[in-house]
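The values are calculated or read from the model by the stated rules, or taken from the named source; none is laboratory data. Remember, it's a predicted structure, so these values are computed and weren't measured experimentally. Counting neighbours? That spans all protein chains shown, and the Cβs are built from the backbone with ideal geometry, glycine included.
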Amino acid sequence: MKLIEKKCPGCGAGLKFDDNDTSVTCEYCNKTLYIQRDEVKYNHLSDKNLERAYQFVDEYGKPLVKGVAAFSIGVFVVIFIVFIIVFVTVISKIFDNENINSNIDSYFDNYKEKAENTKSEYDFKLEEIDETSLKTFFDTAIVDLENLKVFATNGSDPDFSVSKKWSKVGAYLLVSKDTKSNILYTIITQTYKNNSTGKETVTYAAVEFKNLKYTDNGIINHSFVGFTRAPRLELVSGNVYSMVYGYNDLELLYNQLIRSKSGNYTIDASEGMDI
């Protein structure tokens, strides 16, 4: 082992240590010093000047470095927090501005309006048809049916008479699944009475209105002429047959006229009417 001599940086007293030592304590000031060796110098210096290859690191050096690092981190955290506070404050003031809020609201209103305008004018629910328009459909259907002689007995048969005239039952709205068309069926009923037996026969008819759509003033267009949908029905009294038109069963009307279109249309019905 090579004995190295250096002076204590604290009190100036001589220090002796082997070249394999990692620390040395001064016997005068009791200061513990850590030893570092410069390998480049160590390999080239003579034994006489070997102490020049060593330097001392104060035992408080490492805590000091840690303290400086901790202080730097603390300063960074404080600056970051201040930045966040300032940023949030500025953003809050921006969004508190009435003009900006108004512009934002206007943007979303316009976006909503454009989205609604992309919806097909034929695509709506039965409940969205205003009462005035819906009443017009039913009134039109009833007037048309009352004017059609094929929907009443021919007058020469005394055995049958109309005991209850056409009246409203409900409605079905069928909207095509590609929303390019729709059909409204107003369902109305009329009752015939056998004057001999008193037996009554209830019939149902559907009047079809096609391609209903919203008008510019927000109501449903009801300018279309209705088309009656009802099969031929015979009323029998003894040997006398009287011809009328209509379904004698509401479920039969639904199955043959409405449900048969369910592959191409979505079906919406008035309250109380089965789907």
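Summary of computed values
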{"read-out": "The lone exception for residue 202 - which of (1) more than 18 Å from residue 136 (Cα to Cα); (2) buried (at least 18 other Cβ atoms within 10 Å of the Cβ) it fails", "value": "(2)"}
{"read-out": "Pair list, Cβ < 8 Å and 6+ apart or interchain, from region 192-217 residues that are on the phi > 0 side of the Ramachandran plot to residues that are in a loop (DSSP other than H, G, I, E, B) and surrounded by 13 or more Cβ atoms within 10 Å (Cβ to Cβ)", "value": "211/122; 211/181; 211/224"}
{"read-out": "Filter result for residue 188 (surrounded by 13 or more Cβ atoms within 10 Å (Cβ to Cβ), in contact with a helix residue (DSSP H, G or I) (Cβ under 9 Å, 6 or more places away or on another chain) and among the aliphatic types (A, V, I, L, M))", "value": "yes"}
{"read-out": "Where residue 186 falls short, out of the listed (1) in a strand (DSSP E or B); (2) at pLDDT below 90; (3) among the hydroxyl-bearing types (Ser, Thr, Tyr)", "value": "(2)"}
{"read-out": "Of residues in region 245-273 being part of a loop (DSSP other than H, G, I, E, B) and free of Cβ contacts under 8 Å to residues at least 40 places away in the same chain, the one farthest from residue 191 (Cα to Cα)", "value": "263"}
{"read-out": "Condition check for residue 219: assigned by TED's automatic domain parsing to the domain that holds residue 135 and at pLDDT 90 or above", "value": "no"}
{"read-out": "Residue 153 vs. criteria polar (S, T, N, Q), under 25 Å from residue 244 (Cα atoms), in the same structural domain as residue 131 (by TED's automatic domain parsing) and at pLDDT 90 or above", "value": "no"}
{"read-out": "Region 251-264, subset buried (at least 18 other Cβ atoms within 10 Å of the Cβ) and of a type outside the set (Val, Ile, Thr), residue nearest to residue 180 (Cα to Cα)", "value": "257"}
